Amino acid sequence: MKKRADIKLDPSKLIDELKRIIIYEIKSDELLKLNENFYNMALNNINEFANKEKILKLLNIIQYIRLLKIIEIVFTNKDVSLDKMTYEERLIVDEIRRIYSQYIVGLKKAPISVTGESKNKLVLVVFEDEVPKISTENISLGPFSKGDVIFVPVTFVKNIPCDKIKVEEI
């Protein structure tokens, strides 16, 4: 199948074209490049078609599959060319990124409090960026590269820049 799907408004071929897009989206991890106005072009002319309900169902399936891929792309920081997305999909990406960045900013501002009971608690730290050697009064670790993983006491985490790690409680 071609790498770009320009919707054809020929009633005899539209349903087949939508099915081909669905098959591609299911089989491929990549997004198929759709025309920026793909959904609008289909919806603006839907009244001209006899199988309106079937066309709407197929469009909904396409949206669902693509949104799942887009959400995965956003949350795993995969590179994707925005020109493969429709205008509406790019708006969704922008909004998800805006909301997610607010969440991350809030996490970074949250103080790490350590009570007597949790001082010995271990956490899993995943480094998302390079971090030089880290030293505390009891221990010295590092340097760390992106992707490195360590188990450390929760008290050690407050010595690591928050924007360079992901912390998981154990």
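Yes/no matrix, rows are residues, columns are (1) assigned to a helix (DSSP H, G or I); (2) at pLDDT 90 or above; (3) more than 20 Å from the chain's Cα centre (by Cα); (4) among the β-branched types (Val, Ile, Thr):
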| residue | (1), (2), (3), (4) |
| --- | --- |
| Leu31 | no, yes, no, no |
| Asn40 | yes, no, yes, no |
| Leu43 | yes, no, yes, no |
| Lys57 | yes, yes, yes, no |
| Lys69 | yes, yes, no, no |
| Phe75 | yes, no, no, no |
| Val80 | no, no, no, yes |
| Glu89 | yes, yes, no, no |
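Among the residues making up region 65-81, those that are surrounded by 12 or more Cβ atoms within 10 Å (Cβ to Cβ) and not basic (Lys, Arg) are Ile65, Leu67, Ile70, Ile71, Glu72, Ile73, Val74, Val80.
Checking each residue in region 45-55 for being at pLDDT 85 or above and of a type in the set (Val, Ile, Thr) picks out only Ile55. Please go through region 28-58 and give me each residue that is of a type in the set (D, E, K, R) and under 16 Å from Lys84 (Cβ atoms), ordered by number. Asp29, Glu30, Lys33, Glu36, listed by residue number.
The values are calculated or read from the model by the stated rules, or taken from the named source; none is laboratory data. All figures in this text were calculated on a predicted structure; none of them were measured in a lab. Because the Cβ atoms are built from the backbone with ideal geometry, glycine has one as well, and the counts that use them run over all protein chains shown.
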